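The values are calculated or read from the model by the stated rules, or taken from the named source; none is laboratory data. Only a predicted model underlies this, so the values are computations on that prediction, with no experimental measurement involved. To get the accessible areas, we keep the full protein, side chains included, count just its heavy atoms, and leave off ligands, DNA and RNA. Shrake-Rupley method; radii C 1.70, N 1.55, O 1.52, S 1.80 Å.
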Amino acid sequence: DDATKHGSSTSSAPSSSTCKTIYEVGPTAVGYWVCTPGSFSVSSPRPTTECFHVLEGIFYLSNTADGTSQRCVAGDTVVLPKGWTGNWDIIETVKKLWVDV
């Protein structure tokens, strides 16, 4: 099950990650991101707010500030506020559409 995989995914970084910006005007950018299973930390606070919609995959986002963790799957919409830091634990390859403002 994905809970077992969640624990084991923390042992390595993703083998592949692709990010493409398809629109950028002023402080607003739109794009897509694909990332294979693995884990990584975001230790520098986000400079923008990101809203994204998950098209495929399963992953967990862990918030450094309060230690909470959220399971995310296809169909979910997530907001990472300006200043967010945390961890990504990707269980199944993720595809998402994102907007930074």
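Heavy-atom accessible area per residue, the stretch 14-96, 1.4 Å probe: how many Å²? Could you put the intermediate results ahead of the total?
Working: 4450 Å² over 83 residues.
Ligands and nucleic acids excluded, the result is 54 Å² per residue.
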**Message:** Looking at the chain as a GNM with Cα springs under 10 Å, which of A29, A74, A65 has the largest mean-square fluctuation?
**Reply:** A65
**Request:** Bin width 5 Å, alpha-carbon pairs only: give the P(r) of the stretch 43-101 as whole percents, running from 0 to the bin holding the largest distance.
**Result:** 5, 19, 28, 28, 18, 3
**Message:** Roughly how far apart, in whole Å, are the Cα centres of the stretch 34-50 and the stretch 13-32?
**Reply:** 12
**Fill in**
For the chain, one quarter of the surface area of the C-alpha convex hull, expressed in nm², comes to 6.1
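Rounded to a whole number, what % of the accessible area of the chain do carbon and sulfur atoms account for, probe 1.4 Å?
On the chain, the fraction of accessible area on carbon and sulfur atoms equals 55 percent.
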**Request:** Quick one: among D76, D66, D89, which has the greatest mean-square fluctuation in a GNM of the chain with alpha-carbon springs under 10 angstrom?
**Result:** D66
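Counting each DSSP H run of 4 or more residues in the chain as -39500 (n - 2.57), what helix-only mean residue ellipticity at 222 nm follows after dividing by all residues, to the nearest 500 deg cm²/dmol? Can you show the working numbers first?
Working: 1 runs with 7 residues, N = 101.
Calculated mean residue ellipticity at 222 nm is -1500 deg cm²/dmol.
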